[in-house]
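**Student:** First the structure, then my questions, so here it is.
Every number here is computed from the coordinates shown, using simple stated rules; none is lab data. All of these numbers come straight from a predicted model, not from anything done at the bench. Cβ placement follows ideal geometry from the backbone for every residue including glycine, while neighbour counts extend to all protein chains displayed.
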Amino acid sequence: MNTFNDLGIHEKFVKGLADMGIHEPTPIQAEVIPLLLHETNDLVGQAQTGTGKTAAFGLPLLHRIDSTKKVVQGLVLCPTRELGQQVAKQLFKFTKFSDKIFTEAVYGGAKIDQQIKNLQRPTHIIVATPGRLIDLVNRKAVDLSNVKTIVMDEADEMLSLGFKNELDEILGFVSSADERWLFSATMPHGIKQIVNNHLATEALRISVSTKNQVNKNIEHQYIICEENEKLHLLMEMLRNTKNQRGIIFCKTKAAAQKLAKQLIAKNVAADTINGDMRQLERDKVMRAFKNESLRLLVATDLAARGIDVQGLSFVVHYQLPDQDEYYTHRSGRTARAGERGISLCLVTSKEMQTLRTYERSLGIVFNQIK
């Protein structure tokens, strides 16, 4: 199956995808969509981040919604506000040429009163972080009694952020839902517990090979250097790439903040985001990055979850991530919507072994450029 039409997606949504520059299904979409589109099933989907999971569950979810009924029919749980905002935005774009299906994103770090007011409008799908959803339920500000489909996106991240009890509680609220779809990059013990406790024993299980996951339009490069040479090499690269824009990844918040200050001191239009920033501050930085008044964003893996900015030419791994799925997620910030992009690693000689591991596990090839 080579097109979304072949998978059974309604023409009005295919038109929305085409408008976004999306024409061919990714492996997870090709596997999952036919299973979810026409039958009621619980499903466990395992695939790395940045592989198109939003459309894999979002398109079948939109097919489920009866837009004439002004009640919440779908619920999507996400680990972070950024991912929640991105999922809601994607669902909105998918429906550009269809009957109005209204999605509302609710998350911590923003004024709950405004979110309560927004939920008084017709809402068919709620995209939520677990803690904020529970707050809204406790305030009787949201009615989940008509929810038929619940999606847990990046479930392993929700667990690593300490949301296990909240997930159990929310799944209790919607125990009458017809189907539960869980998507996760990894399957730790806590995820298996949730699957065993809340999903049907005959739940469908789809695992997409990692080797299919990395965008083929990304060129993977590396430079071997010492730690104290990285800033100089980064500045050299920025001079050579003129007005191109990208994201620089560090492992820790402290490293990201330090690098952003160093870049700003060298008159580079850069800023950083981290998980401790207030939502208003975070939104301000992301606005500046999206409207191109910032050339560079310096981020950690968790802070970058859900970032979707078009036209980024490169990502730089100033520090390598702890897990190979994070490499996939980082790299996926470039080469969006059919464009080409570069993923550059600044590595010490000791870290070359890690790149070889990525090559084997992700099915990619790194080219040395210096």
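**Student:** Between Val127 and residues 5 or more places away or on another chain, which pairs have amide H atoms under 5 Å apart, with H built 1.01 Å from N, and which residues are they?
**Tutor:** Here the answer is Val76, Glu104, Ala105, Val106, since their amide H atoms fall under 5 Å of that of Val127.
**Student:** Given the C-alpha atoms of region 53-137, compute the convex hull and give its volume per residue in Å³.
**Tutor:** Each residue corresponds to 85 Å³ of Cα convex hull volume.
**Student:** Could you run the Debye sum over the Cα atoms of region 214-368, one equal point scatterer each and no solvent, and tell me log10 of I(q)/I(0) at q = 0.10 Å⁻¹, two decimals?
**Tutor:** -0.31
**Student:** For region 96-107, take each phi angle, set θ = phi - 60°, evaluate the Karplus expression 6.51 cos²θ - 1.76 cosθ + 1.60, and give the result in whole Hz per residue in order, putting x for glycine and proline.
**Tutor:** 3, 10, 10, 4, 5, 10, 9, 10, 10, 9, 10, 7
**Student:** By the scheme Lys and Arg +1, Asp and Glu -1, what is the net charge of all other residues having a beta-carbon under 13 Å from that of Gly341?
**Tutor:** Counting the neighbours of Gly341, the net charge comes to +4.
**Student:** Next question, about the same structure. Using a Gaussian network model of the chain with C-alpha springs under 10 Å, which one of His220, His38, His329 is most mobile by mean-square fluctuation?
**Tutor:** Result for the chain, Cα springs under 10 Å: His38 fluctuates most.
**Student:** While we're looking at this one, here's another question. Taking 0.36 nm per intervening residue step and subtracting the Cα-Cα distance, what contour gain separates Gln323 from Phe97 on full extension?
**Tutor:** 77.5 nm
**Student:** Of Lys258/Lys370; Lys117/Lys140; Lys12/Lys216; Lys69/Lys117; Lys350/Lys370; Lys15/Lys89, which pairs sit farther than 21 Å apart, going by alpha carbon to alpha carbon?
**Tutor:** Beyond 21 Å between Cα atoms: Lys258/Lys370; Lys12/Lys216.
**Student:** Taking a quarter of the surface of the convex hull around the Cα atoms of the chain, what do you get in nm²?
**Tutor:** That works out to 17.7 nm², a quarter of the Cα hull's surface.
**Student:** Let me ask you something else. Which residue, Ala200, Ala105, Ala128, has the most motion in a Gaussian network model of the chain that connects Cα atoms within less than 10 Å?
**Tutor:** Ala200
**Student:** Moving on to the next point. Going by amide H atoms built from the backbone, whose H comes under 5 Å of the H on Val268, apart from near neighbours?
**Tutor:** Here the answer is none, since no amide H 5 or more places off falls under 5 Å of that of Val268.
**Student:** Divide, for region 4-211, the radius of gyration over alpha carbons by 2.2 N^0.38 Å, where N is the residue count.
**Tutor:** 0.95
**Student:** Ordered by residue, what ³J(HN,Hα) values in Hz, to whole numbers, does region 350-359 give under the Karplus form 6.51 cos²θ - 1.76 cosθ + 1.60, where θ = phi - 60° and Gly and Pro are x?
**Tutor:** Result, rounded to whole Hz: 5, 8, 4, 4, 5, 4, 5, 5, 4, 4.
**Student:** Please list, in chain and number order, the residues 5+ apart from Arg205 or on another chain whose amide H is under 5 Å from its amide H, with Hs placed from the backbone.
**Tutor:** Val44
**Student:** Please list 3J(HN,Hα) in residue order for region 271-287, calculated via the Karplus relation 6.51 cos²θ - 1.76 cosθ + 1.60 where θ = phi - 60°; whole Hz, with x for glycine and proline.
**Tutor:** So the Karplus estimates, Gly and Pro as x, are 7, 10, 10, 8, x, 8, 6, 5, 4, 4, 5, 4, 4, 4, 5, 5, 4 Hz.
**Student:** Please go through the residue pairs Lys242/Lys266; Lys53/Lys192; Lys53/Lys253 and name each one whose alpha carbons sit more than 22 Å apart in this structure.
**Tutor:** Lys53/Lys253
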